[in-house]
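Undergrad: Below: one structure in structure tokens.
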Amino acid sequence: MNLPQWLQWAREIQALSQSGRTFAQNDFDLDRYRRLTEIAAEIIETYSDYPKEKLVAEFLAQPGYATPKIDVRGAVVREDKILLVKERQDGRWCMPGGWVDVGESPAQSVVREVREESGFIVEPHKIVAVCDANRSGRPIELYHAFKIIFLCRTLGGEATASYETEAVDFFDFTDLPPLSENRTNTRHLSQVHDHLINPLCSAYFD
């Protein structure tokens, strides 16, 4: 999915304002960069249901130089079936995963996320793909993000839902449930399947 031009402009303005606030050396510069934050919020409010005040508060809460966020997903396969969890937020299914926490490596984060969301203890052993997470999924995404998909081995545990997930199950690649597209889509699962068919397959990247 290509982002609409207005959202690309708003995100770039927001990133410039965030980085500018980080390195501003006087109140005059800070005021100018805060105004850029407001302009970015006004653009998004004009074309969406997001209220300006909420956007400004969220943008101002972002610290430091603006860089992409990192999302990790654990591809866990058993008997040729892929592990998926049903998200409470939208009632759809995805590979377990989420944002990388500060202080964790991507591999540590995927181990934690898989255990928290599915109950399984895993060990990541191969990177399937590093994707631009904004190329598909939700119709509006305020921040740029990369998605890293790890192929994982199960070490233990059992299917257990969590406060974020209401169900855990394995599915055939040809018989998938409704997917939570911003988290996992058919392209991601196809990339996982390619690595299962050919263990020498190279990691995909955008």
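The values are calculated or read from the model by the stated rules, or taken from the named source; none is laboratory data. Nothing here was measured: the structure is a model prediction, and the numbers come from that model. Here Cβ is always computed from backbone atoms with ideal geometry, including for glycine, and neighbour counts include all displayed protein chains.
Undergrad: Do we find that VAL192 is within 14 Å of ILE82 (Cα to Cα) and not in a strand (DSSP E or B) in this structure?
TA: It is true that VAL192 is within 14 Å of ILE82 (Cα to Cα) and not in a strand (DSSP E or B).
Undergrad: Based on what the data block shows, is THR67 touching a His at 6+ places or on another chain (Cβ under 9 Å), under 29 Å from ALA15 (Cβ atoms) and either of a type in the set (Ser, Thr, Tyr) or assigned to a helix (DSSP H, G or I) (or both)? It would help to see each step written out before you state the result.
TA: Details: touching a His at 6+ places or on another chain (Cβ under 9 Å): yes; under 29 Å from ALA15 (Cβ atoms): yes; either of a type in the set (Ser, Thr, Tyr) or assigned to a helix (DSSP H, G or I) (or both): yes.
Yes: the conditions hold for THR67.
Undergrad: Applying the selection to the range 155-168, what residues are under 22 Å from ASN185 (Cα atoms), of a type outside the set (D, E, K, R) and assigned to a strand (DSSP E or B)?
TA: If the condition is that a residue be under 22 Å from ASN185 (Cα atoms), of a type outside the set (D, E, K, R) and assigned to a strand (DSSP E or B), then THR165, ALA167, VAL168 are the ones that fit.
Undergrad: Here is a follow-up. Return the total of residues in the range 59-97 being crowded, with 21+ Cβ neighbours inside 10 Å and of a type in the set (A, V, I, L, M, F, W, C).
TA: Counting residues in the range 59-97 that are crowded, with 21+ Cβ neighbours inside 10 Å and of a type in the set (A, V, I, L, M, F, W, C) gives 11.
Undergrad: Continuing with this model, one more query. Kindly indicate whether GLU123 is touching a Pro at 6+ places or on another chain (Cβ under 6 Å) and outside the structural domain of PRO51 (by TED's automatic domain parsing). First the steps, then the outcome.
TA: Details: touching a Pro at 6+ places or on another chain (Cβ under 6 Å): no; outside the structural domain of PRO51 (by TED's automatic domain parsing): yes.
Judged against the criteria, GLU123 is not a match.
Okay, residues lined up against (1) of a type in the set (Ser, Thr, Tyr); (2) surrounded by 15 or more Cβ atoms within 10 Å (Cβ to Cβ); (3) part of a loop (DSSP other than H, G, I, E, B):
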position: LEU3; (1), (2), (3): no, yes, yes
position: GLU12; (1), (2), (3): no, no, no
position: THR22; (1), (2), (3): yes, no, no
position: ILE44; (1), (2), (3): no, yes, no
position: ASP49; (1), (2), (3): no, no, yes
position: ALA57; (1), (2), (3): no, no, no
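Undergrad: Still on this structure, I have one more. May I ask you to verify whether ARG35 is part of a helix (DSSP H, G or I) and not assigned by TED's automatic domain parsing to the domain that holds LEU179?
TA: The answer is yes for ARG35.
Undergrad: Can you tell me which residue within the range 94-141, out of those that are acidic (Asp, Glu) and within 24 Å of ASN198 (Cβ to Cβ), is modelled with the highest pLDDT? Spell out how you get there, then give the answer.
TA: Pass one, the range 94-141, residues acidic (Asp, Glu): 101, 104, 113, 116-117, 123, 132, 141.
After this cut, where a residue has to be within 24 Å of ASN198 (Cβ to Cβ) as well, the list is 123, 132.
Numbers: GLU123: 98, ASP132: 88.
Taking the candidates together, the pick is GLU123.
Undergrad: Collect the residues in the range 169-183 that are at pLDDT 95 or above and assigned to a loop (DSSP other than H, G, I, E, B), keeping them in residue-number order. So that I can check it myself, show each step before the final result.
TA: Taking the range 169-183 and keeping what is at pLDDT 95 or above, we get 169-179.
Selection gives PHE173, THR174, ASP175, LEU176, PRO177, PRO178.
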